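The values are calculated or read from the model by the stated rules, or taken from the named source; none is laboratory data. As the structure is a computational prediction, the values presented were derived from the model and not from experiment. Reconstructed Cβ throughout: ideal geometry from the backbone, glycine too, with neighbour counts over all protein chains shown. Side chains included, ligands, DNA and RNA excluded: accessible areas come from the protein's heavy atoms. Shrake-Rupley method; radii C 1.70, N 1.55, O 1.52, S 1.80 Å.
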Amino acid sequence: MTERVLTGPFLTRAAAALEAGMRGWALLARPDLLRVTSHWLPEAYFEFQFDASGIRADVAAVVRALKADYDDLAIADWLVTPNPLLATMTPLGWLDAGRSVRRVLEIVPSKDPTS
């Protein structure tokens with residue numbers, strides 16, 4: 001993978017905490033959330049991780065399973081990239097359609113040791 005796609009909208013920590021129903025500092029301890037960090041910009045959270053009930057359990061399960069091998073940006077990019085193994089849907093689109101988290105986890109590429 002050479003280029004990463006960052007798909008917004010994004011939420012500030014305060015806005016993400018409000019969506020999640022928790023304090024802002026508690027978000028930092030969540031291994032199931034993706035965040036974008038930079039020296040020049042404030043921390044931001046991908047809005048697709050939240051719904052009316054708070055943190056989306058389906059997306060959180062995928063993120064939690066991938067965090068040991070991939071960084072947040074690689075996971076976010078993979079979630080929004082069309083995948084032929086999901087009938088050309090993106091993994092996020094697959095989950096948005098209410099389909100199986102297990103199937104999304106089955107198609108995760110193996111970690112490239114040279115990356």
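Region 3-49 and region 75-115 have their alpha-carbon centroids 20 Å apart. Take Arg99, project a point 7 Å from its Cα along the Cβ direction, then tell me which residues of region 63-82 have their backbone nitrogen under 12 Å from it. Within reach of a label on Arg99, which here means backbone N under 12 Å from a point 7 Å along Cα→Cβ, region 63-82 contributes 82.
Straightening the chain between Ala57 and Arg23 buys 10.4 nm, computed as 0.36 nm per residue apart minus the Cα-Cα spacing.
In the context of the full set of protein chains, the chain has a per residue accessible area of 60 Å² (1.4 Å probe).
With each run of n ≥ 4 DSSP H residues scored as -39500 (n - 2.57), what mean residue ellipticity at 222 nm is computed for the chain after dividing by its residue count and rounding to the nearest 500 deg cm²/dmol? Please list the in-between numbers first.
Numbers: 6 runs with 42 residues, N = 115.
Theoretical 222 nm ellipticity from helices: -9000 deg cm²/dmol.
Using only alpha carbons, build the gyration tensor for the chain and give me the equivalent ellipsoid semi-axes, biggest first, whole Å. The partial results should precede the final answer.
Details: eigenvalues 103, 59, 32 Å².
So the equivalent ellipsoid measures 23, 17, 13 Å along its semi-axes.
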